[in-house]
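Scroll down for the structure; my scribbles are underneath it.
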Amino acid sequence: MEHASVKIKDFYCFKDEPQGFEKILPVNIIVGKNNSGKTTLLRMLLKLENDLFDIPTGNQRNILLTSVSLHQQQLIGIENKITGRKTKELAQKVIEWALDQKTEHVKFSGYFNGYGPIQKIVSVTANNGNNFNFKTFDPKALESFLRHLPNYFDDLAVKPLSVNRDIFNEPDQKINNDLDDYSSNNTDISLNHLGEGFTNSIRNYLHTEGYSPRVIEHNLLTLVNQIVEPEASFNSIKVRKKNEEWEVHLSEEGKYDIPLSDIGSGVKTVLLIVFLCEVLPLHEHKSKNTFYCIEEPENQMHPAMLRRLLAYIEEKAKDENTYFFLTTHSSVAIDMFARKENAQIVHVKHKDGLSTVETVNTYVNQKNVLDDLDVRASDILQSNGLVWLEGPSDRIYFNHWIKLMTENDKRLQEGLHYQCVFYGGRLLSHLEANDPEAADLLINLNNINRNSILIMDSDNKKAGETINVTKQRIFEELTSMNALPWVTARREIENYIPPSAVQRLHELEEMPERSGTYDTYWDYLDTLVAGEGKKYSTQKVEYAHLICEHITFEDIENDIDLHDMLKQAVDHIKNWNGISEPNAPISD
């Protein structure tokens, strides 16, 4: 559905300019301040399902617009299916025009009333902004042509879950299935946008003939536990009657049953979302497309549990024709989906009584979102972890090594999974890594970011030497904080450069010996190529770029000390980013 868009105007806070989604991806994160218009976007999606629009005429309000972008091959496919002469001529003209524009896609925009494709054309536009003049064609031919356009919103099911949701005690009765409640069509197994129907649906599954209790006791509960563990873990779900009403109870191993009225809202949200996505579809007509519209899933939820819930939603969105629209104020959701190919963030802003919507696809847009939500670096620790290095050439080596170490995964990336920062040699004496509560005149690394790797040259000039007092102090402090201090086993980082890379870069006829463990690398280079060491000793960044092009994974693998330390660094960075298994593949 990426090539379809839907917008609306003259609808609540959306006025003359159409506002909405430029495209629809499997996960759509809607952010903005309170009362900015986020819920209005979800209301617009409900209109797509409920067919509450007619083809607009005159000054009719609540105008819903949609568009589809078709590839040239799709246009040719449509032409091949058309039989009417005038309609085929129109299709041929559109294709010829598209070819002249040298564009791969043509965007058809128009009004939509819920059934069939676009009902009335507004514009036909190429990627370069030029418009096709469709108004000169026979209206019946145009109408016939429109019927052949793909309709992404045909047979659409929209499943909302309101911010005011809860799980209620319910009497022995079927809930109101009025359209305004957005209920399921099956009143025995039902759920409306407030959460009504959940309790009776669970009761029917557990106590009514014809339903399989395993769907709830095993399938539902297993998925719920995957999200709520380790904060909680439930081994059974029951429904008990109290004062003529039924209430859902959960139990943990070795503990008494807990009524849902005594359980936090976060767990209730997980129950409702899993029920909405897993159980309801078993009792309803399987729609061509399903939109799940969930308001503020983060409410009353621990960030770790929220990440697991969002991971479940992302995995569910991989199902064909399943789409999620989440309104949120959470930086967790923004951080998780900001760089995902299957997701987008749309920013709703409100000013002077008008709301506007823009897709967040630039750094400035992203900064505006954080500013709008008043999210600060101290709130989200914008980098998941810091790698402290002495200088910029060390960063080049480290990033190249990490790239090689994670080549078989999706790579760890600076700026996404970690951030390099510099401390400069002598400045190290001004840093410390003790508990930030311990008062000290030194700059505390944990106040900057609690996740740290710090790489230090040993600077040892001969065997048997020990690192200086400052480095020893930092090493011990970082170790006690479960961070990773790395003191090079050789004199400096450059001493890790493999002789094979030196041979390739400097086009030496024979493989040289490795630089001595305690020698200065630049003196060593001068012995191989006269003047090169002196030249690059003052151009370390340039040399790092050049030599890294010749350093391979095999070079690292054959260097036991380097490989071991890099493996520890990779494991730390994966842990910072919530990649549970040290050797697990890395997600973008």
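The values are calculated or read from the model by the stated rules, or taken from the named source; none is laboratory data. Quantities reported herein were computed from a predicted structural model and do not represent experimental measurements. Counting neighbours? That spans all protein chains shown, and the Cβs are built from the backbone with ideal geometry, glycine included. For accessibility, only protein heavy atoms count, side chains too; no ligands or nucleic acids. Shrake-Rupley method; radii C 1.70, N 1.55, O 1.52, S 1.80 Å.
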| field | Residue in the stretch 524-578 that is surrounded by the most Cβ atoms within 10 Å (Cβ to Cβ), counting only those that are assigned to a helix (DSSP H, G or I), modelled with pLDDT of 90 or more and acidic (Asp, Glu) | value | 555
| Test for residue 336: is it outside any loop (DSSP other than H, G, I, E, B), open to solvent by 30 Å² or more (accessible area, probe 1.4 Å) and either in contact with an Asp or Glu (Cβ under 9 Å, 6 or more places away or on another chain) or touching a residue at least 24 places away in the same chain (Cβ under 8 Å) (or both) | yes
| field | Output for the stretch 208-217, where each listed residue is part of a helix (DSSP H, G or I) and surrounded by 12 or more Cβ atoms within 10 Å (Cβ to Cβ) | value | 215, 216, 217
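Based on what the data block shows, is residue 311 modelled with pLDDT of 85 or more and open to solvent by 40 Å² or more (accessible area, probe 1.4 Å)?
So residue 311 fits the description; yes.
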| strands (runs of 3 or more DSSP E) wholly in the stretch 232-326 with at least 2 residues that are closer than 17 Å to residue 191 by Cα - which ones? | 245-251, 289-295
| Contacts under 7 angstrom Cβ, first residue in the stretch 491-513 being part of a helix (DSSP H, G or I), partner among the hydroxyl-bearing types (Ser, Thr, Tyr), 6 or more apart | 493/397; 494/521; 495/515; 495/517; 495/521
| Single residue of the stretch 167-207 satisfying the filter (β-branched (Val, Ile, Thr) and part of a loop (DSSP other than H, G, I, E, B)) that is modelled with the highest pLDDT | 167
| query | Using beta carbons and a limit of 9 Å, which pairs, at least six apart or on different chains, have the first residue in the stretch 255-270 and at pLDDT below 90 and open to solvent by 20 Å² or more (accessible area, probe 1.4 Å) and the second one of a type in the set (Phe, Trp, Tyr) and not in a helix (DSSP H, G or I)? | reply | 258/234
| note | Result of the Cβ filter at 8 Å on the stretch 395-406, keeping first residues that are more than 17 Å from residue 542 (Cβ to Cβ) and of a type outside the set (Ser, Thr, Tyr) and partners that are open to solvent by 20 Å² or more (accessible area, probe 1.4 Å) and assigned to a helix (DSSP H, G or I), at least 6 apart or interchain, is 404/553; 405/553; 405/567
